[in-house]
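Just below is one structure, and these are the notes that go with it.
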Amino acid sequence: MQKNLVIAGHELKSRLFLGTGRYPNPYIQNKAIEASETEVLTFAIRRVNLQDPHEDSILQHVGGRYFQFLPNTSGAKNAEEAIRIARLAKASGISDWIKVEISKNEKTLLPDPIETLKATEVLAKEGFVVLPYISDDPVICKKLEEAGAAAVMPGGSPIGTGLGILNPYNISLIVEELNVPVIVDAGLGSAADVTQAMELGADGVLLNTAIAKAKDPIAMAHSIKHAIQAGRLSYLAGRIPKKKYATASSPISSGI
Amino acid sequence: MTKQVLIIGGGVIGLSAAFECQRRGNQVTLLESTKCGGQASGAAAGMLAPYCEIEEDPDEFFLLCQKSLKLFPEWQKEVKKYASMDFEYNNSGSLYGIFHEADILGLETKMSWQKEFGVGARIIEGKELEKKEPGLSKDIIAALWCPEESHIYAPDYVKALETACRRLGVSIHDQLGMLKINEHNGQLTVLAPDGTAFEGDTIVIATGAWSQMWEEIFPYSFPVFPIRGQICAYNEIEPTNHIIFTSQGYLVSKGNGTLVCGASEDIAGFDTSVTEKGIERLEKWNRKVLPALHNKRPFHKWAGLRPATQDGFPLIGKLSEYPEVIFATGHYRNGILLSPITGKIVANELEGNNNPVPIERFNPERFITL
């Protein structure tokens, strides 16, 4: 029996965290979310109608089902801004989970590690369940854990690029060194990327563009769901070591 | 060579294709189930605003929208000329208003990639913003100003297109009921419920939200489905100077003194009624954008069915196994904006001419059935 993912005492049956942006229309969005079987939805706080989230142009369409919302601070350029919008989200009653996302460069949208660490410290102390989006650096990821992050979310590659995991070695180090869950966030473009993340030992993945911008987002959502399962099982099953030369799979001297 | 062209669908796309094909010397017959412009086209707010509406990075769809926006000045003049009718075409520019400083980064990203396509947008705030649009809420801390964006009064535009088509000699048959295509000995015929058969060298499919039914005759998947868009309008209100966008919707002042606000999207099959929830949501939000709406209630509410597609791109182009069939459907929220370019692409496909923008991404055969 496989264990479920637990974040801050909250048990999740699905290891997929899904973004709500960039879908071609609400119908496809709903169907894709449904097909993915995700339980955690993320969205930018700045884009949401916080006073009336159930009337929001995006969130209104996912009403009627239970989701753990993971609002994010995307667009924040420093810790102070991120903390401010995180508090807005919490005060609105939407969620006390927060994905800290702080970027300055409008081209790469890469996370600012120093500001991310600052915001994580403050928000964790205030009782938020903090999931910071961060670069794939094992040292900063460990520091985020020490600062009180409930899970850490290293990026595979820049947001929306679909470049996959650029540094698998780093991701596996992060998985090895952290005690809190590791969710690979950003840059995953297909089922193969997702399987790779899970095989490296990630506890889950967060993606958005890979599904929302696929030619058939609903089919891709199905595919990602299976990829997570396949990668997780492969990781737990334990892969064979790589060798340079062949070994016959039907041994010559079989033990009769 | 003059071709006999059958166009199925009298919405803005079918009418634009008819207008362009007829002008180029072909003989067009346009077939409409109910009445021309009776669905999404007549219900549209007429926004010609791809720079505000497209959040994404540049792709073929952006190029298609931009090309069409640039065609509009000349195109609308031609429609007016042939129709001998006027309609509102307003180069007001647009403001994309934001409530959080964290939204600036998003606007900067958009501005930086659009700049490479010659888009002259700029972020404005403070006194400059107040001067440009005095009625805006003070909670809007900044806005992206896109001076090239425009809007058109869609119901009049569609009427003028229909009139222009008639005057050019397009034969328009409306109130036909649900149309069918029959194949007999390799010859395609369009059949009306009363038994009338129409034949032509080419059939153009411009049936918007009603396009999935063609899966019955052609061996492809056409995942086009209706998304209801609810809109409302206020009257006796100080007009705004620009089209105003926010993350939740848009407001636009029309020349007839109304302020049109949209849109609440939902999934309701082919039902075009408005709901309390859909309109109240708009009203509540509009007051946050324009405080002058505080005591106002909309005097008019309506809805249209936007033909949405599985990947967000329209279906435009020929079928490879049926080269006499040209698709022009699935324009979702952008039918009015994309009407000139789609009309021209249909005419180019008909004549075998090159298109001004790449259309491979819009290939109507791109979807597969799983």
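None of the figures in this text is laboratory data; all of them are computed from the coordinates on show. Just so it is clear, the structure is predicted and the values come from calculations on it, not from any experiment. Cβ atoms come from the backbone with ideal geometry, glycine included; neighbour counts cover every protein chain shown.
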Restricting the count to DSSP beta bridges whose residues both fall in the protein assembly as shown, what percent are antiparallel, rounded to a multiple of 5?
55 percent
Choose one of A:61, B:358, A:237: the residue whose Cα lies farthest towards the positive end of the charge dipole of the protein assembly as shown (beta-carbon charges +1 Lys, Arg; -1 Asp, Glu; about the Cα centre).
A:61
So for the stretch B:307-370, using the alpha carbon gyration tensor with a ≥ b ≥ c as root eigenvalues (a/c under 1.5 gives rounded; past that, a/b versus b/c decides prolate or oblate), I'd call it oblate
What does the charge dipole of the protein assembly as shown about its Cα centre add up to, to the nearest 20 debye, if the Cβ of each Lys and Arg holds +1 and the Cβ of each Asp and Glu holds -1?
200 debye
Per DSSP H run of at least 4 residues, take -39500 (n - 2.57); add these up for chain B, divide by its residues and hand me the 222 nm value, nearest 500 deg cm²/dmol.
-9000 deg cm²/dmol
Any idea what the relative contact order of chain B is, in percent, if you count C-alpha pairs under 8 Å spaced at least 6 apart?
24 percent
Sites residue A:114 and residue B:141, calculated FRET efficiency, Cβ-Cβ separation with R0 22 Å, nearest 0.05
0.30
Trypsin sites (Lys or Arg not before Pro) within the stretch A:141-245: which are DSSP loop residues with at most 11 other Cβ atoms inside 10 Å?
A:239, A:242, A:243, A:244
Spin-label model distance (nm) - residue B:174 vs residue A:245, 7 Å beyond Cα toward Cβ:
8.3 nm
Expressed to one decimal in nm², the mean projection of the alpha carbon convex hull of chain A is 16.2 nm²
Counting helices only, and only those DSSP H runs with n ≥ 4, report the 222 nm mean residue ellipticity of chain A as the sum of -39,500 (n - 2.57) divided by its residues, in deg cm²/dmol to the nearest 500.
-10500 deg cm²/dmol
Spacing of the two label points (7 Å from each Cα toward its C-beta) at residue A:6 and residue B:241, in nm
6.0 nm
Any idea how far the Cα center of the stretch B:168-237 sits from the one of the stretch B:71-119, in Å?
30 Å
Evaluate Rg over Rh across the protein assembly as shown, taking Cα atoms for both radii and Kirkwood's formula for Rh.
1.01
Förster radius 56 Å - calculated FRET efficiency between residue A:163 and residue B:81, Cβ distance, rounded to 0.05
0.65
Just rank B:103, B:194, B:201, fewest to most, by other beta-carbon atoms within 10 angstrom.
B:194, B:201, B:103
Let me make sure I get this right: for chain B, a, b and c are the square roots of the gyration tensor eigenvalues over alpha carbons, sorted descending. Under 1.5 in a/c it's rounded, otherwise prolate if a/b > b/c, else oblate. Which is it?
prolate
Just need the relative contact order of the stretch A:12-237 here, percent rounded to a whole number, with Cα pairs under 8 Å and 6+ apart.
20 percent
Return the lysines within reach of residue B:296: Cα separation strictly under 18 angstrom, same-chain partners fewer than 8 residues apart disregarded; answer none if there are no such residues.
B:254, B:277, B:284, B:288
Set of lysines near residue A:125 by C-alpha distance (under 19 Å), chain-local residues within fewer than 8 positions excluded:
A:90, A:99, A:142, A:143
Rounding to the nearest 20 debye, state how big the charge dipole of chain A is about its Cα centre with +1 on each Lys and Arg Cβ and -1 on each Asp and Glu Cβ.
600 debye
Under a straight-distance cross-link criterion of Cα-Cα below 16 Å, which lysines are reachable from residue A:104, leaving out those fewer than 8 residues away in the same chain?
A:77, A:118, B:110
Cα centroid distance between the stretch A:1-23 and the stretch A:193-230, in Å?
12 Å
